[in-house]
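To start, the structure itself, in structure tokens.
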Amino acid sequence: MNNSVSNTARLLGAGLRALLVLTLVTGVIYPLVLTGVAQGLFHNKANGSEISSDGRVVGSSLIGQNYNLPLKEGQDTPAADLKWFQGRPQNGLGTNSVNTGYKLILSGATNRSGDNEELIQWVKDAKAAVIKDNSVPGHPVTPSQVPADAVTSSGSGLDPDISPDYADLQVQRVAERNDVPVAEVRKLVDEHTDGRTLGFIGEPRVNVLELNVALKDLVAKS
């Protein structure tokens, strides 16, 4: 009887010591080491890839944003603020209960097939809006100039990047709205165009938030 109690106490003691050691190693030391490595080697990424402007954080380079005018009385959807470069359509070009205008920290696609009539209409409406918004005197936009990413949302609905073609399409309009030379705006686009990852993965891209922050600085200097 005494041996049984003694063995049980010894096993419980060993189990408790193992629990304390594993808690210390996996619950304290390991997370602290990983956090230290992340902060030391990947500080920006570890903190959310934040982008700052005028001394304050304005967003993340990983998540797309809206660039809209304030919602007016009677409007269901705010109009785009055309002095800024616009990103890809959000909400899957329509009402999306998963991601309503980037207000939720969630993402999701439209889950509609390519021949879905509602999706086709969204694309047509988006294309017409892109042509109308970006056609300026002397520089009309034709339907063939509108790239796919200008009228379709990404699979996540939160894509922060656009294609160089879509950025170039907006240069004339942005320059006119901000009263800055077209050449300087085009130079900004070129400076903020990233190539394929490792030279062969993905497509060239332009981060819209980073581009708009640079545009804001350019306008302030003009």
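Nothing in this text is a laboratory measurement; each read-out follows from the coordinates by a stated rule. Keep in mind that this is a model prediction, so the values were computed, not measured. All Cβ positions, even for glycine, are placed from backbone atoms using ideal geometry, and neighbour counts span all protein chains on display.
For SER53, the residues whose amide H sits under 5 Å from its own are VAL58, ignoring neighbours fewer than 5 places away on the same chain, with H placed 1.01 Å from N. Shape class of the chain from the alpha-carbon gyration tensor: prolate, with a/c at 1.5 or above and a/b greater than b/c. Counting only Cβ charges, +1 for Lys and Arg and -1 for Asp and Glu, the dipole size of region 54-221 around its Cα centre is about 180 debye. Placing unit charges on the Cβ atoms of the charged side chains and taking the dipole of the chain about its Cα centre, the candidate lying farthest along the positive direction among SER49, VAL182, PRO164 is SER49.
Taking other Cβ atoms within 10 Å as a rough exposure proxy, HIS139, HIS192 sort from fewest to most as HIS139, HIS192.
Only one residue of PRO78, TYR67, ALA9 has its Cα farthest out toward the positive end of the dipole of the chain, where Lys and Arg carry +1 and Asp and Glu -1 on Cβ, and that residue is ALA9.
For the cross-link pairs LYS124/LYS187; LYS45/LYS187; LYS72/LYS124; LYS83/LYS127; LYS45/LYS127, the ones whose C-alpha atoms lie over 29 Å apart are LYS124/LYS187; LYS45/LYS127.
Proximity of backbone amide H atoms, modeled 1.01 Å from N, is registered between VAL136 and VAL141 at under 5 Å, excluding neighbours fewer than 5 places apart on the same chain. The 3J(HN,Hα) values that the Karplus relation (6.51, -1.76, 1.60; θ = phi - 60°) gives for region 113-121 are, in residue order, 6, x, 9, 5, 4, 5, 5, 4, 5 Hz. Gly and Pro appear as x. Which value in deg cm²/dmol, rounded to the nearest 500, describes the helix-derived mean residue ellipticity at 222 nm for the chain, given -39,500 (n - 2.57) per DSSP H run of n ≥ 4 and division by the residue count? Per the formula, -14000 deg cm²/dmol.
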